[in-house]
1. Are any residues in segment 280-291 in a helix (DSSP H, G or I) and in contact with an Asp or Glu (Cβ under 9 Å, 6 or more places away or on another chain), and if so, which ones?
2. Report, by residue number, each residue of segment 199-224 that is over 19 Å from S291 (Cβ atoms), of a type in the set (A, V, I, L, M, F, W, C) and surrounded by fewer than 22 Cβ atoms within 10 Å (Cβ to Cβ).
3. Would you confirm whether any residue within segment 338-361 is closer than 30 Å to D104 by Cβ, in a helix (DSSP H, G or I) and not hydrophobic (A, V, I, L, M, F, W, C)?
4. Just give me the residues in segment 140-156 being touching a helix residue (DSSP H, G or I) at 6+ places or on another chain (Cβ under 6 Å) and either outside any loop (DSSP other than H, G, I, E, B) or surrounded by fewer than 24 Cβ atoms within 10 Å (Cβ to Cβ) (or both), in sequence order.
5. Given the conditions (1) assigned to a loop (DSSP other than H, G, I, E, B); (2) more than 14 Å from A25 (Cβ to Cβ), which single one is not true for I159?
6. Whether any residue in segment 97-109 is in contact with a helix residue (DSSP H, G or I) (Cβ under 7 Å, 6 or more places away or on another chain) and charged (D, E, K, R) is what I want to check.
7. Note down all Cβ pairs under 8 Å where the first residue falls in segment 337-362 and is over 12 Å from V376 (Cα atoms) and in contact (Cβ under 8 Å) with a residue 60 or more places away in the chain, the second is surrounded by 13 or more Cβ atoms within 10 Å (Cβ to Cβ) and of a type in the set (D, E, K, R), and they're at least six residues apart or on different chains.
8. Name the helices (runs of 4 or more DSSP H) wholly inside segment 1-113 in which the number of residues that are among the polar types (S, T, N, Q) is 3 or more.
Amino acid sequence: MDTQQLKQEIIEYSKKIGIDKIGFASADVFGELRERLRRQQELGYQSGFEKGSLEERTEPERLLPEAQSIISVALAYPSRMKDAPKSTKEERRGLFARASWGRDYHDVLRDRLEKLSAFIKEKAPDTADKVMVDTGELSDRAVAERAGIGFSGKNTAIITPEFGSFVYLGELITNIPFIPDDPVEDSCGECTKCMDACPTGALVEGGQLNAQRCIAFLTQTKDFLPDEFRTKIGNRVYGCDTCQIVCPKNKQVDFHLHEEFEPEHDVVKPKLKPMLRISNREFKETFGHISGSWRGKKPLQRNALIALGHYKDKTAVEEMIAVMNNDPRPVIRGTAAWSLGKIGTEEAVQAIEAAMETETDDRVLAEMQKGLDFTVASK
């Protein structure tokens, strides 16, 4: 097999099926990554969403015993929304991060990679491979960095020369020994804009993220959000783009190359009040096709309640009281009470006091007291 010719044919085919960038890397052990991940574990910086053992995440041969190479691919996604709807005092809106605009990128990338796999097997029938997109054991970013897709910035994102960091990543492990591509030179230099702008200080140093403090992670958790982060998430319903938006490498970067990734206005900038009463069926119909729905509606409803408190939206008080009084989920009842206290109208305060008389969950009662404490502090 002429692997160099096959490599060129794969590159040409990738362009035909809508892959924006492709790179080839060795399947050697990711030794430096392993040490970094071990350090992350020791410091308690992991999110808990990681898949696989330390060995599986850094040794490709554990995932495909005959692994020789890894093909990394990138698809660009938009950074700006055309004619984006604006929040009004009557209808406040939340925001999904850009990585959740359009159709779930896991599905789109997997489709492209499976087409690539089929093409390779057509050319070399005896080959073996394994496709992964985000939820696999390997680090998409470590693979992309080794394959020359881009360099790993201080914000921990892969920054490509062409598309900035607004790219989705995936990879295909193969038993074909392709010649690796050269890595891209790191060009962050002395810039620390992403670290300086991070709302919660999650970027503890260049290239190291404390996921436990990262808003993108926090918006996906299902429990009560720790107090110190509630004022930080603003109107974010899912994810956070701050460290990408401030990056000079992303200045003027906005690619609309794939129809699947175009944002639907009322989906990615949803009205907040309707989110409080959305049924499971309505949630699936409205948000089920985007990646930001993967944790279900509970975290997004919790975040919507916090956002309404952030806006001090008096028009939402009646609906929030209904949530506090009737929702079966303690996290949602308690967060509603906390946000009602932030809004601080007389109606909201009286409703919290009345609800405390019948509430039996200690965590919810604690949130109700926090809500009342806001009103005391404001007097």
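Each reported figure results from applying straightforward, stated rules to the coordinates on display, with no laboratory input. Since the structure is predicted, the reported quantities are computational estimates derived from the model, not experimental observations. Reconstructed Cβ throughout: ideal geometry from the backbone, glycine too, with neighbour counts over all protein chains shown.
1. If we filter segment 280-291 for residues that are in a helix (DSSP H, G or I), which is where we start, we get 280-287, 291.
T286, S291, listed by residue number.
2. Within segment 199-224, V204, F224 meet the criteria.
3. Here is the first cut: in segment 338-361, the ones closer than 30 Å to D104 by Cβ are 339.
Filter once more, keeping what is in a helix (DSSP H, G or I): 339.
From what's left, not hydrophobic (A, V, I, L, M, F, W, C): 339.
The answer is yes; a qualifying residue exists.
4. A142, S152, K154
5. Condition not satisfied by I159: (1).
6. Within segment 97-109, one or more residues are in contact with a helix residue (DSSP H, G or I) (Cβ under 7 Å, 6 or more places away or on another chain) and charged (D, E, K, R).
7. W338/R230; W338/E367; W338/K370
8. Details: elements: 3-16, 31-43, 54-58.
Answer list for segment 1-113: 3-16.
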